[in-house]
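Taking it in order: structure first as structure tokens, then the write-up.
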Amino acid sequence: MVARVCISIVGLLFAPSLTAQARNYNVLFGESNWLNLYNEVATAIPCTWSITKRSASISEPDGALSLVVDETGIHNANFDLVQGGSAQDLGWPAELASLLILPKPGAPQHYAVFVNTTEATKQAGLVEVDMSANGGAGAVVGTGTTWYMTGCTGKLAATLHANGTDYWLLQHADGSDAFQAYLFSASGLAQTPVISNTGPVIGPTGTSAKFSTDYHGDMRFSVMGDQLIMAYAHTPDTAAAALFWVDPASGFVTLRTAPLRVASTVIDDFTGDTLFVLQRSDFICGVDFLPTGSHAVICRLDTAGSAGGWNNSAICQFDLGLPDTVIAESALGMPGSYGGLSPWGPDTTGNNLMVASDGHLYLRDIYGNYLRRYANVPVSLGSPFQQIDIIIMHPNLRTWGLPLFCKRYHDSEPAWLGLRDVSGRDPAFRAVPNPITERGALVWGNSPPPDHLVWRDAMGRLVRSEPALNNGPTTVLARKELPAGLYVLEVYRKGKPLGSTRVMIE
């Protein structure tokens, strides 16, 4: 058989305006990587914040970064800890299994941070944050973390309820076949979950299970929330994924088909035969659906490595339009990435695969500093080309731990379905915190990066004009010589005004 692959390498990606949700415009992940998807254009922006292995982020409906959470705690857009938001304040262990953020229904500027701990304690917790508190710098509501589930795995996912307002927060029990769906509404998180016993049993996971797909393997909803895919198993060469139906009204989960294994359906260039070939699948390190829900994709990591000790990954696509009994045999392989010798580089328990808010499929390099974007998915059998665009992230830094996202939000319609229209929307700017003392950040959404700032006092007089110092999709605000008072900050790019906001300096 002859491999036929065409690779295109670029620095920036210009994606078509398809399906984005501005809530997921900012993708922050380790080590200091920031991918901004403003207006469906993927841009790698330098970031000074060093992000841990597990993280999550969420933006405002206009695309302005609001909250960043990692294993050190809960941070605002200026990367300052919100009041009461350090890991110590919250009672978090040093390492976490997964993190997810949802906006709270009926409470603007309130967010729920969901956290799952590792195999050592297997707990699921909730922290509510009010981003309007503490002068706009944010504060935890109450104290510490509310631990609502024990015996969980690291699998964590959320989708909209059928009513379009509430959410289903989905967990999976360890050592069981039980899904637990918690209703999250304006009243908070329901104490009693909807339990569905279906699909493969997740084996009891101990702390020594370094490559456990059962515990850490991903779980993702489709865009519409009616399908779920989950990675499971950790015995060498048996790791797989299972496909489920979900009822968005009741929260019940039912098995559709399993197992989906890493394989390839290929045409032999010499005989013309169609071959179905299983591949190594030590660890499933990413599962997702394409935006239409027509295809599922999984990523496997070969933790055993090659004879030289190198790790590598591969992606496999499945056609969900086929009968359930033959979905597994629709597998089509796509090129993955090669990694290194360090166990930290591959990050075997982290998510490597992501369908981002621009509708495109991304794979992180498991040891280097770039993301692969697959330009022509879904792939088709016998297709002669697989175009792969490369986004170079932070220079000389590795990538790990792609964050979890909910794909639809109650306050962000139309929701990632190819119907979005951004024409006529003005850029939005806000200072965090406000008032500021010595420094702060200008957070911008629905806007390209500014390059110049003009400060005016309450009388409209020009008091300072300076270049914009950007750190990801925020701009550094420094008080310098300005006295206390109210200012109007005008934001420019290439000589043209983008907008303005008020900034109070104490």
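The values are calculated or read from the model by the stated rules, or taken from the named source; none is laboratory data. No experiment lies behind these values; they were computed from the predicted model shown. As a convention, Cβ positions derive from the backbone with ideal geometry for all residues, glycine included, and neighbour counts pool all protein chains shown.
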Considering Leu322, Leu332, which residue is buried (at least 17 other Cβ atoms within 10 Å of the Cβ) and at pLDDT 80 or above? Leu332
Enumeration of residues in the stretch 423-467 that are assigned to a strand (DSSP E or B), under 24 Å from the mean Cα position of the chain (by Cα) and at pLDDT 80 or above: Phe429, Arg430, Val432, Ala441, Leu442, Val443, Trp444
Which of (1) modelled with pLDDT under 85; (2) among the polar types (S, T, N, Q); (3) part of a strand (DSSP E or B) does Gln317 not meet, given it meets every other one? (1)
Spot the failing condition for Pro403; the list is (1) more than 30 Å from Leu170 (Cβ to Cβ); (2) at pLDDT 85 or above, and only one is missed. (1)
Meets criteria (out of contact with any strand residue (DSSP E or B) (no Cβ under 8 Å at 6 or more places or on another chain) and either closer than 27 Å to Phe184 by Cα or at pLDDT 95 or above (or both)) for Ala241: no
Checked pairs for the stretch 90-111, first free of Cβ contacts under 8 Å to residues at least 12 places away in the same chain, second surrounded by 14 or more Cβ atoms within 10 Å (Cβ to Cβ), C-beta under 7 Å and 6 or more apart or across chains, list as none
Out of Ser50, Ser57, I need the residue that is in a strand (DSSP E or B) and not hydrophobic (A, V, I, L, M, F, W, C). Which one? Ser57
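Mind listing whichever residues of the stretch 406-422 are charged (D, E, K, R) and at pLDDT 80 or above?
Residues of the stretch 406-422 that are charged (D, E, K, R), as a first pass: 407-408, 411, 413, 420-421.
The answer is Lys407, Arg408, Asp411.
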Suppose we filter Ser59, Ser86 for residues that are among the hydroxyl-bearing types (Ser, Thr, Tyr) and crowded, with 20+ Cβ neighbours inside 10 Å; which single one remains? Ser59
What tally of residues in the stretch 1-56 results from selecting those that are within 29 Å of Tyr111 (Cα to Cα), at pLDDT below 70 and either buried (at least 22 other Cβ atoms within 10 Å of the Cβ) or of a type in the set (Phe, Trp, Tyr) (or both)? 2
Close pairs (8 angstrom Cβ cut-off, 6 or more residues apart or separate chains): without any contact (Cβ under 8 Å) to a residue 24 or more places away in the chain in the stretch 195-207, in a loop (DSSP other than H, G, I, E, B) and not small (Gly, Ala, Ser) anywhere: Asn197/Asp177
